[in-house]
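Asks: Attaching a single structure in C-alpha cells format; questions to follow.
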Amino acid sequence: MASVTFEHVTKKFGDVVAVNDLTLHIEDKEFLVFVGPSGCGKTTTLRLLAGLEELTDGHIYIGDRLVDDVPPKDRDIAMVFQSYALYPHMSVYDNMAFGLKLRKVPKDEIDRRVHEAARILGIEQLLDRKPKQLSGGQRQRVAVGRAIVRNPKVFLFDEPLSNLDAKLRVQTRAELSKLHHRLGTTFVYVTHDQVEAMTMATRIAVMRDGVLQQVDTPQTLYEKPGNVFVAGFIGSPSMNFFDATLVEADGKLFVDGGSFRLEVPPHLAEQYRKYKGQEVIFGIRPEDIHAKPYVPPEIFPAEMRAQVDVTELMGSEIFLYCLTPDGRAFVARVDPRTKARRGDVVDLVVNMDHMHLFDPKTEKRLE
Amino acid sequence: MLHKRRDWVPWLYMAPALLILGVYLVYPIVGTVYYSFFDKRSEHFVGWANYKWALTSKVMHIAFRNNILWLIFFTVFVVGFGLVLAVLADRVRYESPLKSIIFLPMAISFVGAGVIWKFVYAYRPKGAPQIGLLNAIITALGGEPVGWLVNRHVNNFALIVVGIWVWTGFCMVVLSAAYKGIPRELLEAARVDGATEWQTFRYVTLPLMVPTIAVVTTTMVINVLKVFDIVYVMTNGDFGTEVLANRMYKEMFNFRNYGRASAIAVILLLAIIPVMLINIRRFQEEEALR
C-alpha cells in the first residue's frame, strides 16, 4: 500500500508531447481513474508509473520512494493490460504463479495465494486450463488474479474492461469496486469511458492532449466541471452549450441566447451579476431539461421552446434532439410519457439551479 | 446418378500436378532405387553390394562422420546465431541495415561464397607473404600460419563456418518475424511481474518461439544433410572433408558408377524422410490450432 506522486512529469515521443507537466498526488488506498479521449496521454501516464516508458522530465514517487530510474520489476506494482497479456503457453495457475515464482516465494505459499485469489475471483475450476480455452470474461479475471496474488503496493489497470461485452462490463465494474474495498490497496485505472470512471473512482483525473484538466470526486466533476471540455466529457449525453449573454432586466438576471431567455435563480444571480453584459458559454445538461407536463418539483424553472428533430426512446426515458428557433441543436432527456414527434414544437422547462457558465475565451468555469 | 457421373472431375483438376510429380519425382525415385541394385553401368544385378560398400568403405565412413559434424555444429550455430541476432537486432535503431548486411550472404551463390572464403583461408608456407585474410592477421600478430583447408583438425570446421556465414541471415529473418509476432504487452507483463530481461526471454519469449525454432531447425537439418556446393568448391572432399552429397556427385560424374551413386542417393533420401515427417506433422499441428 502506498501513495503515488507525479511531480512535473513530462513525456515526449520525438516532437509529440504525450504528457505535459503532470503534477498529481494519489492518496494511499485511493481508486484514481484517468479518463480522457484517445491520445490524451492517460495510458502513457500509467506506463510511466509502471516503468514501461522513460520519463522525459519530472519525478515519480511510489510512497516516499523516488522510482524515476527503477525498472518495472522492482517497483512493486501489478498491472492488468487491455489485452490481458496472459502467457499463452502457461496454464491459468502458472500465469498467476509466475510473478511469485520469479520472486522465489515458497511453493506452498504460492499455492495458497493462487487458490485464494482464484476463490475470490471465482475461477478455481479453471486453474488447469490454458488462456486459449477461456472466454473473454474469464481471461479478464485471470489477468486480475495474476495482479492480486502479488500483493503489490499499487494496482495499475489499462482499460481492462474494453474487450468485454456491455453486460459483462457492468458486472465487472461492480466487482472491481468490491475488490478495491476488500484489498484496500491503491488502484490507478485508465479508461476512455466516463461511465466507468464515474461508477468506480474515488477521484477522477480528466486529461486532454497530455494536460491534466481537473482532478476531483465524480460528484464534484459532474456538478462543477472546471472547464468546457470536462463539462462536455463527463455525463452522457453530453452537456449542451449555447453562446449567450448575461442581461439584467427588472432587477433579475437572464441568460439571453437570442431565441430564448432563461432566468438565473436568485442565489446564483448574486454570484454571476459581476459578469452582467458579458458574452458567456451557457451549459445545461440534457437531464436538466424537462418536457412541460412532467416537470419535477423543487427546481428553479425557466421555459423555452424548441422543435423536435429526432426522438430516441430508451425505455425509461426519451432523448429529444431539438433545435432552437434559430436552429441551434441540443439534447433533452425527458419523461418517457412525453408525446413528441419529429417536427413538433414542444415546451421545455430548464432547471436553472443546475446551470453552468463558462468564459468563451478561456473556456474556464465562471464562479 | 448425376453425382456419380462427375467423379472424374477432381482427377481432371489434379491431372497436371500428378503428371508433373510422376515424371519429375516419382519416376526418378523409383529409377534411383532400381539402379542402386545394379553395377556401375546398370547392366548386372548386384544385390546389396552397393549398399554394403556405402556403409562399410572408409571413404563413406569419413563422409558420414563429416555429415554428422555438419549436422550438429552447423545446425546449432546457425539457429543459435539467428535467434540471438533476431532478438538483439530488435533493440537497436539501425535494425534494418544491420539485418540486410547479415542477410546479404544469402544473395551470393554458394559457389561464390566458397570462392570468397577460399581467399580468406588461403595459406602460404611460413615466411612467404600471406594473401589469406585470416593467416595475414595471425602472422601479423606473431602466430604461425594455419592450413585452414588442409589441416585435418580444422578444415571441416572451416567449411562449416562458411555454411553458417551463408545461412545465419536466413534463420535470423524467419526467427525475427516470429519474435516480432509476440505481443509487446506479454513481454511488458513479464517485466511488471518481476522478470529480468533474461527471465523474460527464457520463460516467455523462447517458449513462444519454439514452433518457429523447430521449423527453422528441421529446415536447416534437411539443408545440411544435402550439403554439397561449399565442399565441392573449396576442397572437393579432399583432406578428410568428404560429405555424402559430394561423394555421390563424384561416383556419378567422375567415376561413372551409377550403382554406387544411386545407393548414396537412396541413403540420403531415407535420412531426410524422418525430418520431413516431423516438419509436416509440426505444420499440421499448427494448422489445427488456428
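Asks: Look at segment B:22-75 and say how many of its residues are part of a helix (DSSP H, G or I), among the polar types (S, T, N, Q) and within 18 Å of B:N257 (Cα to Cα).
Replies: Qualifying residue count, segment B:22-75: 3.
Asks: Could you pull out every one of the helices (runs of 4 or more DSSP H) wholly within segment A:150-228 that has 2 or more residues that are within 17 Å of A:G136 (Cα to Cα) and at pLDDT below 95?
Replies: A:166-183
Asks: Condition first: touching a strand residue (DSSP E or B) at 6+ places or on another chain (Cβ under 9 Å) and either among the basic types (K, R) or modelled with pLDDT under 90 (or both). Now tell me which residues in segment A:129-147 satisfy that.
Replies: Result: A:R146, single match.
Asks: State yes or no: is B:T212 touching a residue at least 24 places away in the same chain (Cβ under 8 Å), more than 14 Å from chain A (Cβ to nearest Cβ) and β-branched (V, I, T)?
Replies: In short, no.
Asks: Pick from B:G132, B:G80: which is at negative phi, at pLDDT below 90 and out of contact with any Asp or Glu (no Cβ under 7 Å at 6 or more places or on another chain)? Spell out the reasoning first.
Replies: Working: B:G80 fails: at pLDDT below 90.
Just one listed residue meets the conditions, B:G132.
Asks: Might you check whether a residue that is touching a Gly at 6+ places or on another chain (Cβ under 8 Å) and charged (D, E, K, R) occurs anywhere in segment B:227-237?
Replies: Step one: of segment B:227-237, the residues touching a Gly at 6+ places or on another chain (Cβ under 8 Å) are B:227, B:229-234.
Within this subset, residues satisfying the condition of being charged (D, E, K, R) are B:229.
Yes, segment B:227-237 contains a residue that is touching a Gly at 6+ places or on another chain (Cβ under 8 Å) and charged (D, E, K, R).
Conditions (1) within 13 Å of another protein chain (Cβ to nearest Cβ); (2) not in a loop (DSSP other than H, G, I, E, B), marked per residue:
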site	(1), (2)
A:Q82	yes, no
A:G99	yes, yes
A:R113	no, yes
A:V142	yes, yes
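Asks: With A:D108, A:D68, A:D94 as the choices, which residue is more than 8 Å from chain B (Cβ to nearest Cβ) and in a loop (DSSP other than H, G, I, E, B)?
Replies: After applying the criteria, what remains is A:D68.
Asks: In segment B:135-167, how many are closer than 25 Å to B:V224 by Cα and not charged (D, E, K, R)?
Replies: Number of matching residues: 20.
Residue by residue, here is whether (1) farther than 28 Å from A:K274 by Cα; (2) crowded, with 17+ Cβ neighbours inside 10 Å holds:
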| site | (1), (2) |
| --- | --- |
| A:V310 | yes, no |
| A:G315 | yes, no |
| A:I318 | yes, yes |
| A:R328 | no, yes |
| A:R337 | yes, no |
| A:R341 | yes, no |
| A:V346 | yes, yes |
| A:M352 | no, yes |
| A:P360 | no, no |
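Asks: Part of a helix (DSSP H, G or I), away from chain A (no Cβ under 14 Å) and either in contact (Cβ under 8 Å) with a residue 40 or more places away in the chain or more than 28 Å from B:I273 (Cα to Cα) (or both): which single residue out of B:V224, B:V204 fits that description?
Replies: Values: B:V204 fails: away from chain A (no Cβ under 14 Å).
Only one candidate qualifies: B:V224.
Asks: Does segment B:150-161 contain any residue that is in a helix (DSSP H, G or I) and within 14 Å of chain A (Cβ to nearest Cβ)?
Replies: Within segment B:150-161, none of the residues are in a helix (DSSP H, G or I) and within 14 Å of chain A (Cβ to nearest Cβ).
The values are calculated or read from the model by the stated rules, or taken from the named source; none is laboratory data. Here the structure is a predicted model, which means the values were calculated and not measured. Quick reminder, even Gly has a Cβ in these numbers, built from the backbone with ideal geometry, and neighbours come from all protein chains shown.
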